[in-house]
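Note sheet for the following structure.
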Amino acid sequence: SWMASITKLISGTTLMTLVDAGRVDLDDPVDAYLPALKYIDVAQPLHVRDLYNHTNGLALNITYPEAYRDHWGDQLHDLEEIIAGYYPHLKVRERLGYNGVGYALGGKVMEMVSGESLPTFYHNHLFGPLGMTHTTVPDGSAHGFSTPRDMAAFGQMLLNKGSYGPWRFFRPETFEQMLPRPLRETAGLDTDRTWGVGAVWMGGHGLSERTFGH
């Protein structure tokens, strides 16, 4: 089945393996990983966290089919160059604007750091160890396909705070970093909304207040 934006939780989880390894810091400027964004005069630099909690200013309402509006860029080899062209005009950390472009740019960060294409990185460092043999994810935000068994393994790893069987994908303290936090704290927004690294709270209606997903 189509996983739609559950793909964002998969992408964010994969990023956290690099955070745990000390190869990416959520509060680093994106230009620390993507040279195309260096040496550009901006009011607020994009941070890695902004790409995943929708405070990146990339919700542009461009002319796209309604279902994919503001979800583009993964297929472009020069996405970071395109973003660099209007980087000074992005309203970073000024509002919450749900989009998939941030995740596409986050995928470019993962590719740059790992030296692997994003689908290959998913396979080698998440799907393969979890035995998710019927899962295909070609992008960072919207086009994943999977099965109940595969998603159950993925979900159990998250419930285990980063471990599954003999595998440790990240430490419990790294897992806590990906959970939703108030945007008032992480982005300085005047809002009570919360967002994590691809994760949102889904508690209530009989579920624990610590229930999360996408």
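The values are calculated or read from the model by the stated rules, or taken from the named source; none is laboratory data. Everything numeric in this text was worked out from a predicted model, so none of it was measured. Neighbour counts run over all protein chains shown; Cβ positions are idealised from the backbone, glycine included. Protein only, heavy atoms only, side chains kept; ligands, DNA and RNA dropped before computing areas. Shrake-Rupley method; radii C 1.70, N 1.55, O 1.52, S 1.80 Å.
On a per residue basis, the convex hull of the C-alpha atoms belonging to the stretch 135-174 measures out at 88 Å³.
So if I take the centroid of the Cα atoms in the stretch 4-27 and the same for the stretch 175-204, what is the distance between those two points in Å? If we compute the Cα centre of each part, the gap is 15 Å. Annotated for the chain: lysine pairs at least 8 residues apart or interchain, Cα distance under 23 Å, count 6. If you sort Tyr87, Tyr98 by accessible surface, 1.4 Å probe, largest first, the order is Tyr98, Tyr87.
Mean projected area of the convex hull spanned by the Cα atoms of the stretch 1-111, taken over all viewing directions: 7.1 nm². Site pair Thr211 and Arg184 shows an inter-label distance of 2.5 nm when each label is modelled 7 Å from Cα along Cα→Cβ. Relative to the longest principal axis of the Cα atoms of the chain, helix 6-20 runs at roughly 90 degrees. As an equivalent ellipsoid, the stretch 107-214 spans semi-axes of 25, 18, 14 angstrom, where each value is the square root of five times an eigenvalue of the C-alpha gyration tensor, largest first.
About the centre of its Cα atoms, the chain shows a dipole size close to 540 debye [charges on the beta carbon of Lys, Arg (+1) and Asp, Glu (-1) only; nearest 20 debye]. Relative to the longest principal axis of the Cα atoms of the chain, helix 101-114 runs at roughly 70 degrees. The alpha-carbon atoms of the stretch 52-143 define a convex hull whose volume equals 110 cubic angstrom per residue.
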